[in-house]
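A short worksheet on the structure shown next.
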Amino acid sequence: MIDHYIYGNCDRISPEAPVLIVDTQKEEYTLGGAGNVIKNLASFGANTGIISVCGQDEGFEIINKGLAALNVSNNKLIIDTTRKTTIKTRVVSSNHQLLRIDRENKHYINDAIADQIIAELRQHITNIRILIISDYCKGVLSEKAISAIIAICRQYGVKTIVDSKDPVLSKFSNACIIKPNKKEASIATSIKIVDDKTLTEACRVIAKQTNCESVVITLSEEGIAIFHEDVLTKIPTRALEIFDVTGAGDTVVAAIAFALLNGLSLIEACDFANHAAAVVVAKVGSAIATLDEINSFNKLT
């Protein structure tokens, strides 16, 4: 999807209705959604690629240009003529988001498009060590697509990390790592997470629902929780200041994948991701963290 930002000054109320007037200063388009995961991986220096679905519209061209600018050569954007490319427009003034407008379709892809996704994955699977499944509930990851994707990855020994907003996590059965945030985990398990006991209960339910190896739950200002082999480990937040949490979850999943790829344990990977998230939430917009920024931040904390 695309993140579209409109920046401007806001110091007036409209005489037509009780709404703010923003004098536009600049606009920018940047890769959002799974594209933001790609941006973070590219900033870490990872060799990465993407398979996704777009509409046959201007958004498709913007995404293609964005991927080319990142030198992402292993990409497959499949055209779905029944949908528009998702664009999220945010109006920002003085580092504060005033309004968001979404243009999108959320219906599930048909089997023909699912088959294209599956075929593309099969073609490149021997070159993949970790697959991030970014699911924003926009209809791309149908049950047919996701079951085939996970099965192919298990067949070839590819680690899968699921970051999904879908409350039905059982569709990701047999994935390696499930990474919801605290709110998503509560909804998926019907457990109100208020302490370590309820957090552990929620992790157990997710692990049982999905038959995954590990559950990682981002806890916002409380840090990150890792549930592995029935043991809960919590890593406190590293953020010193927070301006904008847009895209922070994308940074976390990208950082975990990158760290695991480089031989870190899951707990070490989550600690690295915690530092990466602390860098991006101190910025405005759907930001990324570089290795230099993370190392510099690590010295401060």
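The values are calculated or read from the model by the stated rules, or taken from the named source; none is laboratory data. Note that the structure is predicted; figures quoted are calculated from it, not measured. For neighbour counting, all protein chains shown are included, and Cβ atoms are generated from backbone atoms with ideal geometry for every residue, glycine included. For the accessible areas, the whole protein counts, side chains as well, though only heavy atoms, and no ligand, DNA or RNA atoms are used. Shrake-Rupley method; radii C 1.70, N 1.55, O 1.52, S 1.80 Å.
If R0 equals 35 Å, the separation of the Cβ atoms of H107 and I13 corresponds to a calculated FRET efficiency of about 0.35. The mean accessible area for residues of region 1-155, using a 1.4 Å probe and ignoring ligands and nucleic acids, is 53 Å² per residue.
Rounded to the nearest 20 debye, the dipole size of region 1-102 about its Cα centre is 320 debye, using +1 on the Cβ of Lys and Arg and -1 on the Cβ of Asp and Glu. Here region 110-134 is scanned for amide nitrogen atoms under 13 Å from the site 7 Å beyond the Cα of S147 along Cα-to-Cβ, giving none.
Comparing H228, I128, L199 along the charge dipole axis of region 126-269, the residue lying farthest to the positive side is I128, per the Cβ-charge model.
S186 contributes an accessible area of around 30 Å² to the protein surface, as traced by a 1.4 Å probe with all chains present.
Farthest toward the dipole's positive end in region 43-97, which of C54, V92, N75, given Cβ charges of +1 (Lys, Arg) and -1 (Asp, Glu) about the Cα centre? So the residue we want is V92. In a reduced charge model with +1 at each Lys and Arg Cβ and -1 at each Asp and Glu Cβ, the chain shows a dipole moment near 420 debye about its Cα centre. For region 1-57, trypsin sites (Lys or Arg not before Pro) are listed when DSSP marks them as loop and at most 14 other Cβ atoms sit within 10 Å of their Cβ; the list is empty.
Length gained on full extension, T89 to F60, computed as 0.36 nm times the residue gap minus the Cα-Cα distance: 8.9 nm.
Between the amide H of C212 and those of N174, distances stay under 5 Å, these residues lying 5 or more places away or on another chain, with hydrogens modeled in the peptide plane.
Computed extension gain for N71 through D115, at 0.36 nm per residue and net of the alpha carbon distance, reaches 13.2 nm. Under Stokes-Einstein, with the Kirkwood radius over Cα pairs as Rh, the value for region 93-144 at 25 °C and 0.890 mPa s is 176 µm²/s.
Using a cut-off of 25 Å between Cα atoms, the listed pairs K138/K171; K76/K183; K106/K197; K88/K182 include K76/K183; K106/K197 as exceeding that distance. For the chain, what's the relative contact order in percent, using C-alpha pairs closer than 8 Å and at least 6 residues apart? Taking the mean separation of contacting Cα pairs over the length of the chain, I get 14 percent. Provide Rg over Rh for region 93-189; use the alpha carbon set for both Rg and the Kirkwood Rh (inverse mean inverse pair distance). That ratio is 1.04, to two decimals. Compared with the alpha-carbon gap, the fully stretched path from Y156 to E27 is longer by 42.1 nm at 0.36 nm per residue.
Note on region 187-230: Kirkwood hydrodynamic radius from all Cα pairs is 10.6 Å, rounded to one decimal. Here the relative contact order of region 126-264, from alpha carbon pairs under 8 Å that lie six or more residues apart, stands at 19 percent.
The coefficient of translational diffusion for region 1-117, derived via Stokes-Einstein from the alpha carbon Kirkwood radius under 10 °C and 1.306 mPa s, stands at 100 µm²/s. Taking the DSSP beta bridges with both ends in the chain, the antiparallel portion is around 55 percent. Simple rule: put +1 on each Lys or Arg Cβ and -1 on each Asp or Glu Cβ in region 1-119, find the dipole, and look at N64, I101, G32; the Cα lying farthest toward the positive end is G32. Counting only protein heavy atoms and using a 1.4 Å probe, the accessible area of T89 comes to about 10 Å².
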